[in-house]
1. Given axes a ≥ b ≥ c from the Cα gyration tensor, I'd like to know whether segment 152-259 is rounded (a/c under 1.5), prolate (a/b larger than b/c) or oblate.
2. Mind listing the long-range amide H neighbours of I83? Cut-off is under 5 Å, sequence gap 5 or more, other chains count too, H placed in the peptide plane at 1.01 Å from N.
3. Return T219, T141, T110 ranked ascending by Cβ neighbour count within 10 Å, so the fewest neighbours appear first.
4. Give me, ordered by chain and number, the residues 5 or more places off L43 or on other chains with an amide H under 5 Å from its own placed amide H.
5. Cα-based Rg (one decimal) and Dmax (whole number) for the chain, in Å?
6. Which value in deg cm²/dmol, rounded to the nearest 500, describes the helix-derived mean residue ellipticity at 222 nm for the chain, given -39,500 (n - 2.57) per DSSP H run of n ≥ 4 and division by the residue count?
7. Quick check on my link table: of K162/K250; K175/K221; K162/K206; K164/K194; K175/K206, which ones sit more than 23 Å apart, alpha carbon to alpha carbon?
8. How large is the Kirkwood hydrodynamic radius of segment 152-214, counting all unique pairs of alpha carbons, in Å?
Amino acid sequence: MAKTRKDVIVIPWDYTETCEIALQHAILLANEVDNQIMLVRFLKAPGLFGKAAKQAEYESEKVKIKEAANQMVEKYHLNPQSIFIDVEIGTKSKVVDGLMKDANANLVITGKTYKLTEKETLGIREITDILSVIDIPFIVTAVAPVHDYYKEIVVPLDHDKKMKETLQWVVYLSKYYNCNINIIKPYIDDEYQKKDMANNIYFTKKLLDKKDIIYGIKTAKRGKVFEDEILRFSQNIDSDLVVIIINKYKKMVKDNPDYKETIPFLVINRNSEVVKYGGSFR
């Protein structure tokens, strides 16, 4: 019988401290779910007369990233077979989408920035736009793991019916980690929203009780910005991860210039169906 191909956690690699922090999270997850880790260096597509120079850069980057992978294997005492590398050239969104399919990727872990060249660094806005079109979830982090495993997970819950997508991933994470699920919901005055919220709370309790998952529900303070309350609550309990769907993430961090990320976010894309990821969070 042919050996089953392992799923892959992808780390966009730019040789900075930021991507090494992402790697630390990947190691934490990969050890638990038996995934491989891929360090990927993305290069810009060449101009009309730059193909020769780009090929030389490509060959140089293959050597450089291989050396980086070897250093990480030694530093973190990894099995050399658990980590491999790739160098991709092309337009960012097209390359990322193709790589996710070809590499059997089921998760991307990235920092808030990615150094594309010496003069060009991608920020959180562009990174989010690129990753929001793929059909797998991604983790954005600027801080190293707080614990040896994901112990405290925060799940924002509001009246939006689409939040049920988030709960599927909470169940998957709970199967691998004996974690506490900390649900936070906004204070709501609107009667229609209250009804939708009550339905979501009922659904959430029923699902988590059925799965024997430990959880608590907290209501944010009245008159406070809910997104600010999520961050404050997460910091107060030393949360390891906030699980959130893509549109809520964009509202919280991408469109908020004052946002300072201190908690990793697991961002669920609209097409990130749990059933596709049999090898990762099942």
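Read the figures in this text as sums done on the coordinates, not as results from a lab. Here the structure is a predicted model, which means the values were calculated and not measured. Cβ placement follows ideal geometry from the backbone for every residue including glycine, while neighbour counts extend to all protein chains displayed.
1. oblate
2. Close amide H contacts, sequence-distant or interchain: I37.
3. Starting with the residue having the fewest Cβ neighbours, the order is T219, T141, T110.
4. Distant-sequence amide H within range of L43: E88, I89, G90.
5. 19.7, 64
6. Dividing the helical sum by the residues of the chain leaves -12500 deg cm²/dmol.
7. K175/K221
8. Kirkwood radius, segment 152-214: 12.1 Å.
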